[in-house]
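Only one structure is covered here, and it is reproduced in the block below.
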Amino acid sequence: MPFQTLRGTTDLLAHDLTSWRRLESSALQIAQRYGYQELRTPVMEDAALFLRSVGETTDIVQKEMFRFTDRGGHDIVLRPEGTAPVVRAYLQHHLHKTEGFAKLFYLGPMFRAERPQAGRLRQFHQFGAEAIGSVSPWVDVEIITLCVHTLLESGVADATVWLASMGCRDDQARGAQHLKDRLAPHRATLCEDCQNRFDRNIFRVLDCKQPGCHALAQDAVNSLERQPGLPPTPFALCEACVAHFDTVRHGLNTAGIAFDDAHVFARGLDYYTRTVFEVRSPRLGAQDAVAAGGRYDHLVEEFGGPSLGACGFAAGIERVLLAARPVDPVPVATARAGVYVAIPPKSNVMSEAFRLAQRLRQQGTRTTMDYDGRSLKAQFREADQLHCQVVAILGEQEVNAGSVTMKDLAGGEQRTLPLDDFMKAVAA
Ligand code: HAM
């Protein structure tokens, strides 16, 4: 085969698209029930949008962006995620002035040049929601509830919500210093990646898969004096962040959303403050996050807007479909429907047959026809495979008489009708 899809990209055939469409439309409907409106942004954006938001030192920006210079010299990327474009659109269309608090839903392809493996693609698809314009912890509760609700409706039954707080920017600065102080004496024993992370973004060490690095980071975290009763965080939270986190956990309990707050984890994007969460499924392998999100209270301002809080999530559609319990196979359409326009071989009636097919399609009848002059037997076989209800035979005799010979594939009955009567018969 000379041409194949690029590594990490896939074709979706009709039978794949049945579950895709079902998921996409149910995600949109549920989001609308929570008051979110759909927004679509381009797949290409200015590279600076992601450098400023996702963060220059993150893996996404450092090594995973599909980035190119166009002929006008613009630095462009295929979007690796949806949050920064949504915030850009929110400001560009002045939604902060017209709507203030805006709740937006989106869906579409994202691009990351990662090493492809099960559940990790280079073109993958997300649906997500962003609530922009409020600092209330109840917005975080709504976002997590919406995320879990949508996953449950999609058949992801056994996933766990990991919840944590990243604190505010001051907490993060203090926390980073604490981790650095603790890890500095062991710096030489960290893996090469973590040695780089040490300066660029020390919190990433918490996510290192190397047991040595992980144990050291865990020790550093455990050495923290934490507020009693609070789940572990990578650093101590200030009073306001503790109160925010408490309300989020209380709100989730109120909403009946189970969560696990016993883990310290870091997110791979820089914009987060306070609440962060990941939804993990035991049905997925190493790439076990079905969905993730959190609060980002500085992004709107960093993009030149007013100081407004925001929170959101995104779910990976491929991963949701992998993690969903197998749904009953969609019943193959056994009921016959539609018309097959068959032309007896050697009849010179292609124009009339095409016109008949077009009239049928315009009146709403699914219609297929043969363009290759095959035998009537072959055309009947194809009509049967396509589950057509009627074969309309149109030969020179029929054209001259202004009629159609109609064979009902279910009943087997065959009759010749004037064209208008035939049109009425198949429309009924
Ligand atoms: P993220 O954790 O980078 O967050 O991605 C969210 C979800 O997208 C992941 O949990 C996963 O299901 C899916 N995903 C990510 N990368 C891949 C990949 N290479 N192949 C397949 N699926 C993938 C974000 O993108 C944030 N924008 C989420 C957010 C919204 N935070 C606030 N608002």
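What accessible area per residue, rounded to a whole number of Å², is obtained for the chain using a probe radius of 1.4 Å? Before the final figure, lay out the partial values.
On the way: 21190 Å² over 428 residues.
For the chain, the per-residue accessible area is 50 Å².
Here segment 332-427 is assigned +1 on the Cβ of each Lys and Arg and -1 on the Cβ of each Asp and Glu. Its dipole about the Cα centre then comes out at about 180 debye.
Springs between Cα atoms under 10 Å define the GNM used for the chain, and in it the highest mean-square fluctuation of GLY108, GLY268, GLY338 occurs at GLY338.
What residue among VAL391, VAL43, VAL276 shows peak mean-square fluctuation when the chain is described by a Gaussian network model with Cα springs under 10 Å? Highest fluctuation of the listed residues: VAL391. In the chain, taking the dipole from charged Cβ atoms about the Cα centre, the farthest positive-side position among LEU51, LEU206, GLY100 is held by LEU51.
Close amide H pairs (under 5 Å, H built 1.01 Å from N) link ALA342 with ALA392, ILE393, LEU394, residues at least 5 positions away or on another chain. Per-residue 3J(HN,Hα) values for segment 378-390, derived from phi via the Karplus relation 6.51 cos²θ - 1.76 cosθ + 1.60 with θ = phi - 60°, read 5, 5, 5, 4, 5, 4, 5, 4, 8, 6, 5, 8, 10 Hz in sequence order (x marks Gly and Pro).
Extension gain for the segment PHE68 to GLN4, taken as residue separation times 0.36 nm less the Cα-Cα distance, is 20.8 nm to one decimal.
Run the dipole for the chain about the Cα centre, Lys and Arg Cβ at +1, Asp and Glu Cβ at -1, nothing else charged, and hand back the magnitude in debye, nearest 20. Can you show the working numbers first?
On the way: 47 positive and 51 negative charges, 141 e Å.
Dipole magnitude for the chain comes out near 680 debye.
For the pair PHE354 and ARG336 in one chain, pulling the backbone fully straight at 0.36 nm per residue adds 4.3 nm over the alpha carbon distance.
Largest GNM mean-square fluctuation across GLY309, GLY412, GLY167, computed for the chain with C-alpha springs under 10 Å, falls on GLY412.
Only the Cβ atoms of Lys and Arg (+1) and of Asp and Glu (-1) were treated as charged; on that basis the dipole of segment 129-288 about its Cα centre amounts to roughly 400 debye. In order along segment 80-85, the phi-based Karplus estimate (6.51 cos²θ - 1.76 cosθ + 1.60, θ = phi - 60°) of 3J(HN,Hα) comes to x, 6, x, 5, 4, x Hz; Gly and Pro are listed as x. The distance between label points at LYS377 and LEU13 comes to 2.8 nm (points 7 Å beyond Cα on the Cα→Cβ vector). Summarising the label geometry, the points placed 7 Å from Cα in the beta-carbon direction at GLN177 and TRP20 lie 5.1 nm from one another. Remark: segment 416-428, residue by residue, has Karplus-estimated 3J(HN,Hα) of 10, 10, x, 3, 5, 5, 4, 4, 5, 4, 7, 6, 5 Hz, where x stands for each Gly or Pro and the curve is 6.51 cos²θ - 1.76 cosθ + 1.60 at θ = phi - 60°. Count Lys and Arg as plus one, Asp and Glu as minus one, and take only other residues whose Cβ is under 12 Å from that of PRO344; the net charge is then 0.
The values are calculated or read from the model by the stated rules, or taken from the named source; none is laboratory data. Treat the numbers as computed from the prediction; the structure is a model and nothing was measured. Virtual Cβ from ideal backbone geometry, glycine too; neighbours counted across all protein chains shown. Quick note on the areas: whole protein, heavy atoms, side chains included, nothing else; ligands and nucleic acids left out. Shrake-Rupley method; radii C 1.70, N 1.55, O 1.52, S 1.80 Å.
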